[in-house]
Amino acid sequence: MVTTENQYAIETISLTKIFPDWWGRAKVIAVEDLNLQVLQNEIYGFLGPNGSGKTTTIKMLLNLLHPTKGASFVFGGSVDSPAISGRIGYLPEESYLYRYLTARETLDFYGRIFGLPADIRKARIETLLEMVGLSGMGNRQIATFSKGMARRIGLAQALINDPDLLILDEPTSGMDPMGTRQIKDLFVELARRGKTILLCSHLLADVEDVCDRIGILYGGRMQVEGTVRQLLQQKDEMQMRTGQLSGRALEQIKRIVSSEGSPIDIEKPMDKLESFFIKVVAKARQEKQRTSGVEAGTGISGFLAEKPVVQHENILDKLVGAHPQKGPEEPEKSDRVEATKSPPVSQTQPPEADYGLLQQLTRQKTEAPLPSTETVQKEPEKPSVKKDILDDLIRKKSSGSTEITQPEKKEDTENA
Amino acid sequence: MHSIWAVARNTLAQALRMKIAAVVILLLLILLPLMSMVMDGDGTLLGKLQTFTSYGLGLISLLLCILTIAISTYTLSNDLKCKYIFLVVTKPIRRFELILGKLLGIILLDILLLGIFSAILYGCTRLIPKITDAPESQKFQANAEFFTSRIGIKTELAKDLINNRARQRYNELKSSNQIPEDMSYARIMSELYVQEAMKVKRVDPGQTKEWDFEDVRVKNADDPNTFIFVRYKYQTAAPPPDEKVYGLWQVGDLRQFKAGAAKIKTPVYNVERDEVIRVTHEFAVPANAIAEDGYIGISFFNSTALNQTAIIPEELELLYQTGNFTANYFRAVLMILVRLVFLAVIGISLTTWLSFPVAVLVCITIFFVGLTNTFILDAIGGVGATAGMIYSILLKPLLWLLPQFDGVYNPNGYIVAGRTIQWTFLATTALFTLLVKGLLMLLAGMLIFRRREVARVAA
């Protein structure tokens, strides 16, 4: 999946776009002399305020607009060539989906354009619908979908060809926090599998969490570029994270720090609102509280917990055909065909999606009890899940553990 | 190929879910059977059949043309307007494949709908004689003149001969100084031509006129149930008192009379008719009248005992059956399909650079020009020299690009008169309309679309 001929997944050379007025005079300079280089297998955060030229750049990359000057390359070539556009997944700023098609027909249509064989297409459509939490709504017309639901289908269509490069324009707009969180996890997982992602957003929290490198665009020009750590780490401050401490211990620490001549500021850490929101909803779900309607919207995570088979293996593995541990019920045929399409990824690494939390979030009270054999299979698996969001969240509060990190600057690019 | 097919399927789904398609389908489903019941024509079975098929085919053609125009101009322009195209052209599909896919989708829809409705029309047409209480003679007439597929051979005027005679007359008049001075040569010649032509055509009382047809090949000519048809119209030098002409016709191998009565082998049929003038008439004789070498003669005798005026039989035509109604009907439907495909090509080609409302307007204009193109070409052909120059430089190439849907390109006329649409004619029409005119427009559209910035918003 990684080409040897070019180290850049995306490369632009003094890319410029000027929109002329009716008389042909330059009216708007949307992008100016942009030299963007996105390495293969990185998540690149493409940031900037509204109208800074992000979307215009993406449209030039995808040949939806022609550059006034300069050139852009994807995998070292032009997206005009089907060999290259076949490796791209694109989600535009809004989900421009045919309103008269159903969700399933939509994915089928795009799958056909990619020339996917019928069996693979069918399998992928079901997996993707399940992944984006719309498996029950596959036969509903897109016109009846809410913005967030259409966004999920938009994301699913961008993944149908198992792309090497994902170009995503505001992928989380209109999505609820759980959906956002799930998508962010998905990005990390995709990057782990060798994919490249160009993430264009002005929701900074999203970018901060997942991106390897970021670039900030303003007025069509690149203002700053670098890794998240490089850009955000404050070299002259330290932050300490501990469990609950006694007043005496605090006094001692204060004394030590002031003997170093450094100012100290002690306060209780705050949850991020995102984490807090997810915790509240998870708790409500666990208590099986009644909800009207929103079940559909929050069904996003339902894809993993719905079927025990899926729970054990990663949905992405199913998509790309590389199975770290092959599920017993996985059909042989599609497995074989799919595996020829992309080389297997790191066989040793277990899947890292947040099954624990997702399970808790999505276990539906109306669901019929699972067959006993499968339930038995499922139970012992739970503790083996390595990275659990809940663990992650709880760890912050649990006593006894101490972490010392360098604090990160709060991004404030709107004023950049 | 797979991407063309994917787009075609999508376009088909889009078209079928559009309201206009539902309206057209519903209209035709209601109107066709209704028309078969209420239409009567001139009261005879033949008249009823002719009126019904003429209106039925006309209606199917018109509604499907409008539907095709609407969908073909809507599908691409709507994709552009609603930006659906962003998610399509960024996938491994070339721009021309997208256009071909859309075109294929519309053609499939046309084939589907045309197939369904022409089948309904065909069924109704076949059903009408069964449920109508008509006398046997009318049923025979309907079978002979409607449920058939006939080719006509027209007699041609010997134009050179008439021209020569006109010139001769002119010279005679000139030498005797009888030429009016205020008349131009062209005008005198055209009048002389008309006079001479009339002399050739007219049959004075007591005289006989003969027409010869060669190489007439009819299948099963020996079968007494196989007929040939003589079609004609009477004009008279002076109107007869009852507006009627009494004609004595002979059809057969007339050469036999010259060789002597003893040598008559093939039958010669005598037909006596009394019919009103200025209306087309037709009579049938068994096909065994044709001689073995394909020769057949028709003679008309203007008897002094019956008529007092010179009679001019016009538009004389010999018709004979070459195939069956069903095959001919199928070809008529194919001719409508050629029309629909051409409109689809125009609609899609136009929307590669025009917005929906403009494209739809242009398309409808083209359609209506197509419906009257023969007339327009004829009319403009007769204008003066200066205007003619402008016309031939500017307008003619433009009109040439436009389709022709009327005159000989209108399938209704053939079906109503029970005349054969020949495969060669159909193939030439299709080739010329689609592969020359259509392809030219399609290539232009593809070229424009290839370079188009699809994300560009019109200011």
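To keep it simple, each residue is scored yes or no on (1) assigned by TED's automatic domain parsing to the domain that holds A:Gly51; (2) small (Gly, Ala, Ser).
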{"residue": "A:Asp206", "(1), (2)": "yes, no"}
{"residue": "A:Cys211", "(1), (2)": "yes, no"}
{"residue": "A:Gln252", "(1), (2)": "no, no"}
{"residue": "A:Ser259", "(1), (2)": "no, yes"}
{"residue": "A:Ile264", "(1), (2)": "no, no"}
- Query: Taking helices (runs of 4 or more DSSP H) that do not extend beyond the range B:358-421, which have at least 2 residues that are assigned by TED's automatic domain parsing to the domain that holds B:Gln50, modelled with pLDDT under 80 and over 30 Å from B:Thr322 (Cβ atoms)?
  - Reply: B:373-381, B:385-390, B:396-401
- Pairing a residue in the range B:440-459 that is over 14 Å from B:Thr351 (Cβ atoms) with any residue that is modelled with pLDDT of 90 or more and among the charged types (D, E, K, R), where Cβ atoms lie under 7 Å and the two sit 6 or more apart in sequence or on different chains, gives B:Arg450/B:Arg95; B:Ala455/A:Lys59
- Item | Pairs, first within 7 Å of chain A (Cβ to nearest Cβ) and crowded, with 20+ Cβ neighbours inside 10 Å in the range B:1-20, second in a helix (DSSP H, G or I) and acidic (Asp, Glu), C-beta under 7 Å, six or more apart | B:Ser3/B:Glu97
- Task: Kindly indicate whether B:Gly101 is of a type in the set (Gly, Ala, Ser) and either without any contact (Cβ under 8 Å) to a residue 60 or more places away in the chain or over 16 Å from B:Arg17 (Cα atoms) (or both).
- Result: yes
- Item | Total residues in the range B:81-99, condition more than 10 Å from every other protein chain (Cβ to nearest Cβ) and crowded, with 21+ Cβ neighbours inside 10 Å | 1
- If you check every pair at least six apart or on different chains, which have Cβ atoms under 7 Å apart with a residue in the range A:87-114 that is more than 7 Å from chain B (Cβ to nearest Cβ) and closer than 15 Å to A:Phe145 by Cβ first and a residue that is crowded, with 21+ Cβ neighbours inside 10 Å and aromatic (Phe, Trp, Tyr) second? A:Thr106/A:Tyr98
- Query: Within the range B:297-317, is there a residue that is closer than 30 Å to B:Thr53 by Cα and touching a Gly at 6+ places or on another chain (Cβ under 8 Å)?
  - Reply: yes
- Determine whether the range B:64-79 contains at least one residue that is charged (D, E, K, R) and surrounded by fewer than 23 Cβ atoms within 10 Å (Cβ to Cβ). no
- Message: Please determine whether any residue of the range B:40-55 is at pLDDT 90 or above, among the small types (Gly, Ala, Ser) and closer than 30 Å to B:Glu145 by Cα.
- Response: yes
- Sort out which residues of the range B:255-278 are modelled with pLDDT under 85 and among the aliphatic types (A, V, I, L, M), and write them in order of number. B:Ala259, B:Ala261, B:Ala262, B:Ile264
- Query: Could you say whether any residue in the range B:126-137 is within 14 Å of chain A (Cβ to nearest Cβ) and of a type in the set (Lys, Arg)?
  - Reply: no
- Item | Counted residues, the range A:66-83 - those being within 26 Å of A:Phe19 (Cβ to Cβ), within 13 Å of chain B (Cβ to nearest Cβ) and crowded, with 17+ Cβ neighbours inside 10 Å | 4
- Mind listing whichever residues of the range B:354-374 are touching a residue at least 60 places away in the same chain (Cβ under 8 Å) and aromatic (Phe, Trp, Tyr)? B:Phe356, B:Phe367
- What helices (runs of 4 or more DSSP H) lie completely within the range B:134-215 and have 3 or more residues being surrounded by 12 or more Cβ atoms within 10 Å (Cβ to Cβ) and either more than 31 Å from the chain's Cα centre (by Cα) or of a type in the set (D, E, K, R) (or both)? B:159-175, B:185-201
- Task: Could you list, in sequence order, all residues of the range B:21-30 that are surrounded by 14 or more Cβ atoms within 10 Å (Cβ to Cβ) and more than 13 Å from chain A (Cβ to nearest Cβ)?
- Result: B:Val24, B:Ile25, B:Leu28
- Item | Test for B:Thr309: is it touching a Pro at 6+ places or on another chain (Cβ under 9 Å) and β-branched (Val, Ile, Thr) | yes
- Message: Is it the case, given these coordinates, that A:Asp33 is modelled with pLDDT of 90 or more, part of a helix (DSSP H, G or I) and of a type in the set (Asp, Glu)?
- Response: no
- Item | Scan of the range A:54-65 for residues that are more than 13 Å from A:Thr12 (Cα to Cα) and facing chain B (nearest Cβ under 7 Å), ordered by number | A:Leu64, A:Leu65
- Got at least one residue in the range B:31-48 being within 19 Å of B:Leu64 (Cα to Cα) and either touching an Asp or Glu at 6+ places or on another chain (Cβ under 8 Å) or within 13 Å of another protein chain (Cβ to nearest Cβ) (or both)? no
- For A:Gly136, are the conditions met, namely being in contact (Cβ under 8 Å) with a residue 40 or more places away in the chain and either more than 9 Å from every other protein chain (Cβ to nearest Cβ) or among the polar types (S, T, N, Q) (or both)? yes
- Query: Does A:Ala156 satisfy the criteria of being within 13 Å of another protein chain (Cβ to nearest Cβ), at pLDDT 90 or above and surrounded by fewer than 22 Cβ atoms within 10 Å (Cβ to Cβ)?
  - Reply: no
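The values are calculated or read from the model by the stated rules, or taken from the named source; none is laboratory data. Keep in mind that this is a model prediction, so the values were computed, not measured. Please note: Cβ atoms are built from the backbone with ideal geometry, for glycine as well, and neighbour counts cover all protein chains shown.
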